[in-house]
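Read the structure below first, then the notes.
Each reported figure results from applying straightforward, stated rules to the coordinates on display, with no laboratory input. All values reported here derive from a predicted model rather than from experimental measurement. Here the Cβ positions follow ideal geometry from the backbone for every residue, glycine too, while neighbour counts run over all protein chains shown.
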Amino acid sequence: MEREYQYPVNLFTEVRIENRWTAVYVVQNGEVMRNLETETTGAIVRVYDGQMWYTSVTNAMEDIQKEIDGLAALATPNPEIYEHPTVRNFGDCRDTVLRYQGEDSLRKVSEEEREKLVWDYVKVCEDNPIPEVASYRAILNLENLKKEYYSSKGAAICQDQQSALFFHVSGILIDGITTGAAKGYSVTSFAELKGHEEEILAERERYLRYAKEAVDVKPGDYTCVLAPSVTAMFTHESFGHKSESDFMLNDKTLREEWILGKKVGSELVSISDDGALPYSGYVPYDDEGNRAVRTDLITKGVLTGRLHDSHSAAVLGETITGNARAQSYYFSPVVRMTNTIMAAGESDPEDIIAGVQDGVYIYGVNYGTGSATFTLQPNCCYRIRDGKLCEPLRVNVVTGSVFEALFDVDAVGNDLRIINEGVCGKNGQSVNVSMGGPTIRVKKLSVN
Amino acid sequence: MKEKYTYRCVSAQVRFQENAIETFAKNTEISYSFRVQRDGYLGVHYQEGEMTDEEGYRLATENLKRKRPYKYAPETGVRERDKSEQEMSDRELLDFGRELITTLHEKYPDFTLSGSLHSSREESGMYNDAGLSYRNRDCTYGMDIIFKHKDSKDLMDGSFSYGFRRLEKEKAYRTAENYLSAFVKKAELPEELIIQMPVYGFIGKLVNQLEGENMARGTSLLSGRIGEKVFSEKLTLYNDRSDLTTWATPFFDGEGVVMEGDRQVFIDKGVVVRAYADKATAERYGIEHTATAGRVFADIPTNGNFSGYIERSEKTTKELLQGRLSVVPLYYDGGGFNEKGDYVMPVQRAYLCDGEKLIGMLPEFTMTSNLFDMFGDDFIGIGSDEPVYNDKCILIRMKYGH
């Protein structure tokens, strides 16, 4: 149902309303630790006078007009406001894009189905016991989000997103040390969470071997081969955050450093971002009412694009890309990635490993960070000797320079994989993202 | 039994973007957890925004159908605590925000400054029909500035903060002066690496090891070590809800439990004394419950955490250093502790420091240690003063990594 507001004249006004349904079911060491279902509704109202934003949050939908009027009283009316370059970039679409309100809606999954899914996975693990497993946690988290966006430019957008997340984590205890063996799935339908028993069991076995046999890495520089999930994180952290253009608006040094057309990496490297893809970062319209588009960020090693909100696009004189995202109605949007993917190459992953005399294979990572020196915190690595994977390695952190690492990519695999379990933090806001990549080889990274 | 757990936070933010005010934001966050206990079960309804008690308890009663087990007797007691000292109006906050960003930009034109100045009026309450009436109020303010030098090729170069209950402008400007003036000076890494950081930079891993269920199941690095001297004699760790430097922490936990004197010791002069547990964890594993149930609004209470308080030395930070220089990490991320308790952290930006004044910028390095060394032989202490961060500083010896 479209809502109507009386917008103050000579000010730009927008209203974003969110209705979020969440169900959580957690079993930990045989006990149901969480069993909840919540539904919340809230709105953020933002008024802009060309100089400053004035924002307010409310849970009372009937108070939205009052909030608009209250913020307008603080702002300075500006007769030219709709000629302001930033305001001109705000969306004015009227559209409804509801993919997840029908039979596939997670809101329709019954409590019994949710409980069964979790307990079935718990039972599979119990039926295949590993004596060293001292604890476990099975987590189901379903979320369906319906968003409305209205603005004084005439925008009226209704869209939705949903995510179904399941994680199984085992604590493998050997000699007083507990190693976490986690396997997780983030998808958009409940049905996709089923049927992963073999993978979960296999992952426990992998980490059991790791816990038993891993040796501490000797710190140093190594040639590293990154598994697809690690490349995905590498792509997001090493370069992705530098594609978010809000960091460089009035900064001469950074604008020169990241000028479009500049060679920033090996010819094997191509990276794009696309919020329209149906992965975790799916946002058909961003939180400024702009439609998501595919942005080619790096094409064969050359910087060809960057991500924008309305303001950054206006300041830099570039085209909006639909990347203004907010964590929830408590927040104003900032420039964020959506689904960021390094394109597949032509190499066979086995051949990539075979080309390494002495190096490190990074199988899995916990998280990463993305300043000029990017970091990856691995949770499972293997030594590569004479082109073969050898003993498991315990590595604490891998670091590299964004200005060097992309040039050091000398092999890109044909095994592209999308990782949907990503959550990205920036400016105190967390948003769902997906990251994608194939197996790659980087000539030199610092390993500790 | 009917019980209502409430949280209300009225906050305001002046946001800075590239040396100017970009946004003035006001938020009112209201959360209720309506709880109805019957026949050993707890029905819970979570509400964001206002709702009448009648409706809240009706929905909580409906949720008894989930059969969430909770058999513990409700707490009783009446108490109010108000830690707030100064009420700044939105206008005063906005005016100081303007003055702050203008002054800093004029004084340090080579830096791009972003961040925020913010206020937060928080009130937590718990009320039940067994006679419990608890209310905790706090009013805190903070300045968080992210800075980037004009010649830097990084997205940011660092950040500094100043938190306060009563505004002392000169402290805000002194903090900025300390960070920004020293940034353009170069310094060399000292041979002995003594890290000076806010306490919370390291303490989380230590506190997590004390979690009751992990301690009982053997999955904590401290399992089986209660009563044993594991850490430095200088280390005494509390859960201290009376600590004035801990903000917005109510005196009661998520089950309405209050510690005697609002504090409880967990590590005493290096000896591990107890694990922390809510009532259910305590019963399940036969340990004491320690007023550490988390702030769970949408389900039954479960074990939470606490922001550990380490007993401070009588000496100042500078006195603890005994003439040596410390290293203050400014921008560090990406590493952390592994399952063995080994710690590795790349430090992208750091200052050399004499304990009080920042001297100059250091080259990038990696710091390494281990949980047991950090709080064992390499633990120097926490000074009686609050230099550099306007907050408690921990001093720990570490090693350089690759």
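Straight-line reach from B:LYS148: taking Cα to Cα under 13 Å and skipping same-chain neighbours fewer than 8 places apart, the aspartates and glutamates in range are A:ASP251, B:GLU18, B:ASP110, B:ASP157. Share of pairwise Cα-Cα distances greater than 24 Å in segment A:162-285 is 54 percent (whole percent). Each Cα pair under 8 Å and six or more residues apart adds its separation to the average, and for segment B:2-183 the resulting relative contact order is 23 percent.
Per the Debye formula on identical point scatterers at the alpha carbon atoms of chain A, with no solvent, log10 I(q)/I(0) at q = 0.07, 0.08, 0.13 Å⁻¹ is -0.40, -0.52, -1.20. Kirkwood analysis of the Cα pair distances in segment B:160-205 returns a hydrodynamic radius of 13.4 Å.
The alpha-carbon of B:LYS234 sits under 22 angstrom from the alpha-carbons of these lysines, leaving out residues fewer than 8 places away in its chain: B:LYS205, B:LYS269, B:LYS315, B:LYS318, B:LYS392, B:LYS399. Toward the positive end of the charge dipole of segment B:139-206, with +1 on the Cβ of Lys and Arg and -1 on the Cβ of Asp and Glu, the farthest Cα among B:SER181, B:GLY142, B:PRO198 is that of B:GLY142.
Ranked for footprinting exposure by Cβ neighbours inside 10 Å, fewest first, A:SER401, B:SER84 give B:SER84, A:SER401.
As a footprinting exposure proxy, order A:ASP69, B:ASP39, A:ASP216 by other Cβ within 10 Å, with the fewest listed first.
Starting with the residue having the fewest Cβ neighbours, the order is B:ASP39, A:ASP216, A:ASP69.
State log₁₀ I(q)/I(0) for segment B:2-183 at q = 0.15 Å⁻¹ as given by the Debye formula over alpha-carbon point scatterers of equal weight, solvent excluded. Summing over Cα pairs of segment B:2-183 leads to -0.86.
Along the charge dipole of the protein assembly as shown, which of A:SER135, A:SER310, A:ASN420 sits closest to the positive end, that is, farthest toward it, with unit charges on the beta carbon of Lys, Arg, Asp and Glu (+1, +1, -1, -1)? With unit charges placed on the Cβ atoms, the residue in question is A:SER135.
How compact is segment B:24-64 by the rule of thumb for globular proteins, expressed as Cα Rg over 2.2 N^0.38 Å?
1.41
The distance separating the Cα centre of segment A:379-396 from that of segment B:77-106 comes to 53 Å. A Cβ-based charge dipole, computed about the Cα centre of segment A:2-45 with Lys and Arg at +1 and Asp and Glu at -1, lands at about 100 debye. Please compute, over every Cα-Cα pair in the protein assembly as shown, the percentage with a separation greater than 53 angstrom. More than 53 Å apart: 9 percent of the Cα pairs in the protein assembly as shown. Relative to the longest principal axis of the Cα atoms of chain B, helix B:53-62 runs at roughly 70 degrees.
For the pair segment A:351-366 / segment B:174-200, the C-alpha centres are spaced 37 Å from each other.
With neighbours defined as other Cβ atoms within 10 Å of a residue's Cβ, the residues A:TRP258, A:TRP119 order from fewest to most as A:TRP119, A:TRP258. Across all Cα pairs in segment B:189-277, the calculated P(r) in 5 Å bins from zero up to the longest distance comes to 3, 12, 18, 22, 19, 14, 6, 3, 1, 1 percent per bin. Amide hydrogen proximity for B:ARG81: with H placed 1.01 Å from N in the peptide plane, the residues at 5 or more positions away or on another chain lying under 5 Å are B:ARG135, B:ASN136, B:ARG137. Rounded to two decimals, the Cα radius of gyration of segment A:12-213 over 2.2 N^0.38 Å is 1.43. Its Kirkwood hydrodynamic radius, worked out from the mean inverse distance over all distinct Cα pairs, puts chain B at 23.2 Å. For chain A, the membrane-span-like helix rule (DSSP H, alpha carbon extent of at least 15 Å along the helix axis, mean Kyte-Doolittle at least 0.0) picks out A:64-74; this says nothing about an actual membrane.
Relative contact order of segment B:264-402, taken over Cα pairs closer than 8 Å and 6 or more residues apart, is 18 percent.
Contact order normalised by length for segment A:121-217, with contacts defined as Cα pairs under 8 Å and 6 or more residues apart; what percent is it?
Reported relative contact order: 24 percent.
For A:LYS146, the lysines whose Cα falls under 26 Å of its own Cα, not counting residues fewer than eight places away in the same chain, are A:LYS66, A:LYS108, A:LYS194, A:LYS426, B:LYS26.
In the protein assembly as shown, the calculated helix contribution to ellipticity at 222 nm averages -5000 deg cm²/dmol per residue, counting -39,500 (n - 2.57) for every DSSP H run with n ≥ 4. Here the Karplus relation 6.51 cos²θ - 1.76 cosθ + 1.60, evaluated at θ = phi - 60°, turns the backbone of segment A:373-384 into coupling constants of 8, 8, 9, 9, 9, x, 10, 6, 10, 9, 7, 10 Hz, with x for every Gly and Pro. Averaging the Cα positions of each part gives two centres, and for segment B:249-278 and segment A:41-102 these lie 45 Å apart.
Volume per residue for segment A:216-447 equals 107 cubic angstrom (convex hull of Cα atoms).
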